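The values are calculated or read from the model by the stated rules, or taken from the named source; none is laboratory data. Only a predicted model underlies this, so the values are computations on that prediction, with no experimental measurement involved. Backbone-built Cβ (ideal geometry, glycine too); neighbour counts: all protein chains shown.
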Protein chains: 2
Amino acid sequence: MATIGDVAREAGVSRSTASYALSGKRPISEEVRQRVLAAAEALAYTPNAGARALATAQTKVLGLLAQFHEDEFAPAMMQYILGVTNTARDLGYDTLLVTEADGVRALRRVTDSRMVDGVVLMNVAQDDARLPVLRAAPQPGALVGLPGDCSGLDVFDLDFAEAGRVMVDHLHRLGHRELILISHPEHVVERGGAYVWRLRDAALERARQLGVTLHAVYGESRQPAVGRLLNGLLDAYPAATGLLINNEAVAAALPSVTYARGLRVPEDLSVIGRYSADFAATFSLSYSFIESAPDRLGSMAVRQLVRRVESAQARAEPFVVRFISPELVSRESTAPPRPHTR
Amino acid sequence: MATIGDVAREAGVSRSTASYALSGKRPISEEVRQRVLAAAEALAYTPNAGARALATAQTKVLGLLAQFHEDEFAPAMMQYILGVTNTARDLGYDTLLVTEADGVRALRRVTDSRMVDGVVLMNVAQDDARLPVLRAAPQPGALVGLPGDCSGLDVFDLDFAEAGRVMVDHLHRLGHRELILISHPEHVVERGGAYVWRLRDAALERARQLGVTLHAVYGESRQPAVGRLLNGLLDAYPAATGLLINNEAVAAALPSVTYARGLRVPEDLSVIGRYSADFAATFSLSYSFIESAPDRLGSMAVRQLVRRVESAQARAEPFVVRFISPELVSRESTAPPRPHTR
DNA sequence: CCCGATCATCGAACCGGTTCGACGATTGCG
DNA sequence: CGCAATCGTCGAACCGGTTCGATGATCGGG
């Protein structure tokens, strides 16, 4: 493999001149520049990433730390990852995907060894053990997901609280007065999944203000428990006319349940979900839903991260916590409730 | 950040001694070794990855090149990726995930710049433009997916041909004499997705031998086209009693179609799919299926790749093409056909 | 008691880039 | 015509590791 020394020799100049000719960081005569470029081309020269990293203290690689929990819905994760890798590449960075179970150790490894210029953390929990490590790291970091303490890091997330309010408002406006909200399983909350209660608490509060009855329950993440749960709820609350779903697995399972019970949406039951458009397409879901925009969140996190990586000035700016506003995508799965109950 | 020079000074030894004490590549007195280890611990020393890569010509990073096509089923991809990243980490490697649309350019970049010690290629097409580049690269490479020309690379894939035969055999043995096989969309074949016709041609051949009528058709990848297709086929071939599905999107959509038509599986229609167990769980599919074992394939590819990376002897071994035998997971979605047609 | 083998450690070179300061050759001006 | 400013190029140092050959100390054997 050709080194810059080979290029320099081929062009008949010193190594430093070759370097300057290629980088343009100092004026080089047009003639010499052309000779160097031709030599580099002829030898198919590509700079050695390790050597460059050593010299410049920049790797042009970002770390992406994702955690995969048994009870989480893997298909949703792919969207986040693609948002990150594609945006990173557009900005000139490659992505080191780390899925190690021990996130703290993994984070330490990639930051301490200077493998990456910055880190994106996914699946951030309320009290995430990785956060203190990331704050202490020399590289900047960005989070997808809202933790309890946002200090020292840029944070990006969907505004789950507002999402909960939008859902309740929408069905209240149509005339519904008794709703069911199905969240993630309880152990997701115990693990620190704050998005569960952020949406839930805001929805309960808004329902209270509006005088709407809201049955908020924890969900399941796997079949056949999901189906049992749905049937149980529809039996238990026969007067409920609307269903709010903050749980991908439940949303995916709902069509077969309504089919089996002979329920029609929205005539017998209004439904609003919270997931991504891509998820809806994959599972052929035709419910109105609040777009959770995973690719956009991943992309935003990377953009901010790269800004901080590349500019000392940006690094000095105050940290941001940016919420994406929930956007309700209408698929006509909601309608005024029928005068009599289901 | 502490360097090995800092550790050496703290321990009162030379840099080389510190290096040997930490690596154990030369005998070092127990007393000095302890001093160096203590110093490294005290300073929280972690070797700089770039410097080490430069010195050793090893990065301890593998490249994972994946391509995401609009018409492909993203959820399935996640399994492959996890198989690769988790196995790589177990073996001491991190994974650079590259999803760039221009796979050839991406591959060139990561290999020429020596960012990675080896490369796993996913979504390999019949005549994949990345293959000549990978063969010419100094790093070893492993493929997930069977191309037309396997020379110079290790290849891992499901035995799709055998899968097709197993499907036909199984239903023939139960007494079925007219079947429908739904493959991927035609443009997947045009793009070089050989697994489509590998399964299809073998199934047709076996059906011919057994005197079974097999209607082999291309599928769709999105709703509502998938639903239309299924209904159209069931109308067009009323005498067909079995359905073979080599297409994730079609498998995921089938339950709602059979529901709507009032068809019962397996009483009215026998079904066999080809997907992963994880996919079945995610989509709550209860059909018998041929396990495509994406995580196992990713894992196998990485193991072989790392063997070649780490041992000159392994590098000299002949290249392998390894097929996973299709395993039929029974979920009781097949039964003898009813005496009269559907 | 001296010599050679063994052992632990050190210094220097190297991996392949980047960057700083210096230097010689032009050029422009008085 | 001589001197200063400008321009282009070069050599050397540096980034932070690893590794080779050399060196001095310790040991055992004759």
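Pull up region B:292-324, narrow it to residues that are of a type in the set (Gly, Ala, Ser) and assigned to a loop (DSSP other than H, G, I, E, B), then point me to the one that is farthest from the chain's Cα centre (by Cα).
The selected residue is B:311.
Restricting region B:85-95 to residues that are crowded, with 24+ Cβ neighbours inside 10 Å and at the interface with another protein chain (Cβ under 7 Å from one of its Cβ atoms), which is nearest to the chain's Cα centre (by Cα)?
Out of the qualifying residues, it is B:85.
Could you tell me which of the residues A:92, A:103, A:83, A:63 is at positive phi and either outside the structural domain of residue A:192 (by TED's automatic domain parsing) or away from DNA strand C (no atom under 16 Å from the Cβ) (or both)?
On the way: A:103 fails: at positive phi; A:83 fails: at positive phi; A:63 fails: at positive phi.
Being at positive phi and either outside the structural domain of residue A:192 (by TED's automatic domain parsing) or away from DNA strand C (no atom under 16 Å from the Cβ) (or both) holds for just one of A:92, A:103, A:83, A:63, which is A:92.
Return the pair list, or none, for Cβ contacts closer than 9 Å from residues in region B:309-322 that are touching a residue at least 24 places away in the same chain (Cβ under 8 Å) to residues that are of a type in the set (Gly, Ala, Ser) and surrounded by fewer than 13 Cβ atoms within 10 Å (Cβ to Cβ), at least 6 apart or on different chains.
Here the result reads B:319/B:151, each pair linking region B:309-322 to a residue that is of a type in the set (Gly, Ala, Ser) and surrounded by fewer than 13 Cβ atoms within 10 Å (Cβ to Cβ).
What helices (runs of 4 or more DSSP H) lie completely within region B:157-260 and have 2 or more residues being assigned by TED's automatic domain parsing to the domain that holds residue B:284 and modelled with pLDDT of 95 or more?
Where helices (runs of 4 or more DSSP H) fall fully within region B:157-260 and carry at least 2 residues being assigned by TED's automatic domain parsing to the domain that holds residue B:284 and modelled with pLDDT of 95 or more, they are B:160-173, B:194-210, B:225-236.
Scan region B:251-283 for residues that are β-branched (Val, Ile, Thr) and within 19 Å of the chain's Cα centre (by Cα) and report the count. Give the steps one after another, and end with the answer.
Quick first cut of region B:251-283, residues β-branched (Val, Ile, Thr) only: B:257-258, B:265, B:271-272, B:282.
After this cut, where a residue has to be within 19 Å of the chain's Cα centre (by Cα) as well, the list is B:282.
Final tally of qualifying residues: 1.
Could you tell me which numbered condition residue B:31 fails, if it satisfies all but one of (1) within 14 Å of another protein chain (Cβ to nearest Cβ); (2) within 10 Å of DNA strand C (Cβ to nearest atom)?
(1)
With respect to the numbered conditions (1) surrounded by fewer than 22 Cβ atoms within 10 Å (Cβ to Cβ); (2) within 13 Å of chain A (Cβ to nearest Cβ); (3) under 17 Å from the mean Cα position of the chain (by Cα), which one is the sole condition not fulfilled by residue B:248?
For residue B:248, the exception is condition (1).
Scan region A:14-41 residue by residue and report those that are more than 20 Å from residue A:51 (Cβ to Cβ), within 11 Å of DNA strand D (Cβ to nearest atom) and surrounded by 11 or more Cβ atoms within 10 Å (Cβ to Cβ).
Scanning region A:14-41 gives A:28, A:32, A:33, A:34, A:35.
Quick one: is residue B:259 within 14 Å of chain A (Cβ to nearest Cβ), free of Cβ contacts under 8 Å to residues at least 40 places away in the same chain and over 24 Å from residue A:78 (Cα atoms)?
yes
Which residue is farthest from the other protein chains (Cβ to nearest Cβ), if the candidates are limited to region B:273-291 and must be surrounded by fewer than 23 Cβ atoms within 10 Å (Cβ to Cβ) and in a helix (DSSP H, G or I)?
Residue satisfying both the conditions and the ranking: B:277.
What do you reckon, is residue B:18 of a type outside the set (Asp, Glu), more than 9 Å from DNA strand C (Cβ to nearest atom) and farther than 26 Å from residue B:114 by Cα? Before the answer, list the steps.
Working: of a type outside the set (Asp, Glu): yes; more than 9 Å from DNA strand C (Cβ to nearest atom): no; farther than 26 Å from residue B:114 by Cα: yes.
So residue B:18 does not fit the description; no.
Only one residue in A:305, A:285, A:297 is more than 28 Å from residue A:64 (Cα to Cα) and touching a residue at least 24 places away in the same chain (Cβ under 8 Å), so which one is that? Lay out the reasoning, then the answer.
On the way: A:305 fails: more than 28 Å from residue A:64 (Cα to Cα); A:297 fails: more than 28 Å from residue A:64 (Cα to Cα).
Selected residue: A:285, the only one of A:305, A:285, A:297 that is more than 28 Å from residue A:64 (Cα to Cα) and touching a residue at least 24 places away in the same chain (Cβ under 8 Å).
How many residues are over 41 Å from the mean Cα position of the chain (by Cα) and of a type in the set (Phe, Trp, Tyr) if we restrict to region B:42-74?
The qualifying residues number 0.
If residue B:39 satisfies all but one of (1) in a loop (DSSP other than H, G, I, E, B); (2) more than 43 Å from the chain's Cα centre (by Cα), what's the number of the condition it fails?
Just one mismatch for residue B:39, condition (1).
Against the definition (in a helix (DSSP H, G or I), under 30 Å from residue A:59 (Cβ atoms) and in contact with a strand residue (DSSP E or B) (Cβ under 6 Å, 6 or more places away or on another chain)), how does residue B:134 come out, yes or no?
The answer is yes for residue B:134.
Would you check if residue A:303 is basic (Lys, Arg) and assigned by TED's automatic domain parsing to the domain that holds residue A:85? Can you show your working first?
Working: basic (Lys, Arg): yes; assigned by TED's automatic domain parsing to the domain that holds residue A:85: yes.
In short, yes.
Search region A:4-29 for residues that are among the β-branched types (Val, Ile, Thr) and pair each with any residue that is within 7 Å of DNA strand D (Cβ to nearest atom) and not in a helix (DSSP H, G or I) when their beta-carbon atoms are under 8 Å apart and the residues are at least 6 apart or on different chains.
As it stands, the answer is A:17/A:28, since those pairs meet every condition given.
Of the residues A:143, A:134, which is out of contact with any Ser or Thr (no Cβ under 6 Å at 6 or more places or on another chain), in the same structural domain as residue A:68 (by TED's automatic domain parsing) and in contact (Cβ under 8 Å) with a residue 60 or more places away in the chain?
Unique residue meeting the criteria: A:143.
What's the number of the only condition in (1) of a type in the set (Gly, Ala, Ser); (2) buried (at least 16 other Cβ atoms within 10 Å of the Cβ); (3) at the interface with chain A (Cβ under 9 Å from one of its Cβ atoms) that residue B:11 fails to meet?
(3)
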